[in-house]
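Structure, as structure tokens:
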Amino acid sequence: MIAMGRLKPGISMQHARTELDAITLRLEGEYPGTNRGQRAGVESLQALLTSGLRPALNLLLGAVIFVLLLVSANVANLMLAKALGRAREISIRASLGASRTRVVAQLLTEGVLMAGFGCVAGIGLAAVGLRLLVARIAPDLPPGVEVHMDGTVLAFTAALAFIVGLVSALVPAIRVCRSEWGEALRQRDRTSGTRGHNRIRGALVAAQIAIAMVLIGGAGLLLQSFLKLQGVNPGYRAEGLLTMEYRLPKAKYSNGDLLTAAHLRIVEAVRSTPGVRGAALIRALPFSGNGNVVSFSPADKPEPPAAQLPHARYNAVDTDAFRVMEIPLLRGREFTVDDRKESARVVVVNESFANRFWPGQDAAGRQVRIPAHDMETGPSIATIIGVVGDIKHDNLDDPEMSQMYVPMTQDPFVFSTLIVRADGDPMAMVRTVQKAVWSVDKDQPVWKIRTLDTLIDNSLSGRKLIAGIIGGFWIAAMLLAAIGLYGVVAYSVAQRTTELGVRMALGATSGRLVKLVLGESLRMVVVGAVLGAVLAGFSARLLESQLYGVKAADPLTYGTVIALLFATAIAASAVPAWRATRIDPSAALRSE
């Protein structure tokens, strides 16, 4: 049970925990039969609602920061190239009296204007992207919840864009203004640049490669994880299984006998319906969000203190539940019609339960102590009659957990879930199954009608969404890395036109020139890959909580990413390399 309350001013969460612990201990002393081992946990509502989302949000925040750095490096590189191309213009301005401060201010103003135009375009794209995202997640949103662009977030984003524009323009502005302007005037119209400028541009491209490697590697790991999760066996056959929940009204079914009789009539009516291959009842359907965990202890072992009692997932099912869901029976027997309210208490446990307490032994015939409130009447000692396979209950990546099943007839409750194995499309049987329920009680509502396949798919929707978003970042990273490489190599070829012309005049072959151009590009990739490996090590913590069946530092994934980046470098350098081979040696020499 979950209860909500508001703390008084000045009362801390720890103080509330201490008081509730004292209350539960007092209740345990007053009612040892029903409150033994029961404790109350205290958690803030915000933490409860966001605890499952926090790792994914941290991952997305990290990806956004990396993309921002990637864009900043690319913009800085492009602005540096633009500023170097205008070195002669800036030198003329300086010779006419413009101060260095005035020149820097002009370049910074241009950077801020460019950031402003980009910010406007970005807000437009964000609005379109938000609509697409809302359309994608609409089925998972609670009723009445609206998703819209927040003014505070937009203001922060706009401020960040202007800061990026300033910083991206500041570095090239300072570098250009520290250059010798007289030298720029003597170089006439030829593109100017120094080794220092080239080193800065090369370092920026290497940084882009490193960031791209982290983003692409992360996207690859998430994709592998998602594919592995899709292939996980939940322990039962979900295909073709229709489910629907219902709750019997207490006013009409006021005791356990009436509840049991109603449940049995409903499931028998559904079983006799044409097109139904099998039907059963299970209180807490896997992946539905329903479930209960109880404390217990093996009866053949000393009972530990209440605080140290082991816990197991607890579920109530009818005689056909394991067969309809196709959960394998490993040892012993399933429930039968002879397991009635007045019969000896029995349970079926899963394989993890049996292996935990009786490793290498047969758990059938052993007994467990179950708190009295988990049984309607009678003793709290139950005998294990069978062992079934483990199943996934909440998520496909859940660790195996001890689980016990009791017959519904020995623990009747108002709530239950119908599971129906149908011939053909299960959703086509909805009206037929509803009519069978209403034939028993015409006023009995049923809800949450869906297939078990759908529930499992929904459990993966968050990971699928994150993988899709990170995949978008992967595409952006590849494009930006390719643009950065192309820009640097193309600029280098243009800057070295005379040198390349002289090499050709002295007999250098086209292959030699291509090798020279590609070598420059690949060196930047090598440096970027080394930096990327270091960044990937630091970012592994963000990824670990979102991965399944794959390590955050998977060498095969990052080896593939490095190969992909080398291929991208070759593709981005292909055009500049081809242009280098087309240089006319005589024209290049005359340009001097």
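The numbers here are math on the coordinates, done by the rules we state, and not lab data. Predicted, not measured: the structure shown is a model, and the values here were computed from it. Neighbour counts run over all protein chains shown; Cβ positions are idealised from the backbone, glycine included.
Some values worked out for this structure:
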item: Set of the stretch 214-244 residues, backbone N closer than 18 Å to the point 7 Å along the Cα-Cβ line of L330; result: 233-237
item: Relative packing of 242-250, 435-443, which averages over residues the other C-beta atoms within 10 Å, highest first; result: 242-250, 435-443
item: Charge dipole of the stretch 473-592 about the Cα centre (unit charges at C-beta), most positive-ward option of A533, T557, S573; result: S573
item: Radius, Kirkwood style, for the stretch 377-506 when every pair of distinct Cα atoms is counted (Å); result: 22.4
item: For the chain, size of Cβ-based charge dipole, Lys and Arg +1, Asp and Glu -1, in debye; result: 2740
item: Length gained when the stretch V530-A567 is fully extended (0.36 nm per residue, less Cα-Cα span); result: 11.7 nm
item: Counting all C-alpha pairs of the stretch 365-454, share separated by more than 20 Å (%); result: 59
item: The stretch 393-414 and the stretch 305-372: distance between their alpha carbon centers, rounded to Å; result: 10
item: D318 long-range amide H proximity, modeled H, under 5 Å; result: L281, M408
item: Computed [θ] at 222 nm, deg cm²/dmol, the chain (DSSP H ≥ 4; -39,500 (n - 2.57); rounded to nearest 500); result: -19000 deg cm²/dmol
item: Net length gained if the chain between I475 and L154 were fully extended (0.36 nm per residue, minus Cα distance); result: 113.2 nm
item: Peptide ranges 289-299, 334-344 listed from the most packed, as the mean C-beta count within 10 angstrom indicates; result: 289-299, 334-344
item: Additional length obtainable on full extension of the chain from R541 to R247, 0.36 nm per residue less Cα span; result: 101.5 nm
item: Globularity ratio of the chain, using Cα Rg and 2.2 N^0.38 Å; result: 1.38
item: Span-like helix ranges in the chain, DSSP H, alpha carbon extent 15 angstrom or more, Kyte mean at least 0.5; result: 54-85, 100-137, 151-177, 195-230, 256-271, 461-495, 510-544, 555-581
item: Residues whose placed amide H lies under 5 Å from that of G278, excluding near-sequence neighbours; result: R421
item: Sequence ranges 72-79, 321-328, ranked by mean other-Cβ count within 10 angstrom, highest first; result: 72-79, 321-328
item: The stretch 514-566: C-alpha pair distances exceeding 18 Å, %; result: 42
item: Other-chain or far-sequence residues with amide H under 5 Å of Q444's (modelled H); result: none
item: Positive dipole terminus of the chain, leading residue within S297, S44, V317 (C-beta point charges); result: S44
item: Whether the stretch 216-375 is rounded, prolate or oblate, judged on the alpha carbon gyration tensor where a/c under 1.5 counts as rounded; result: oblate
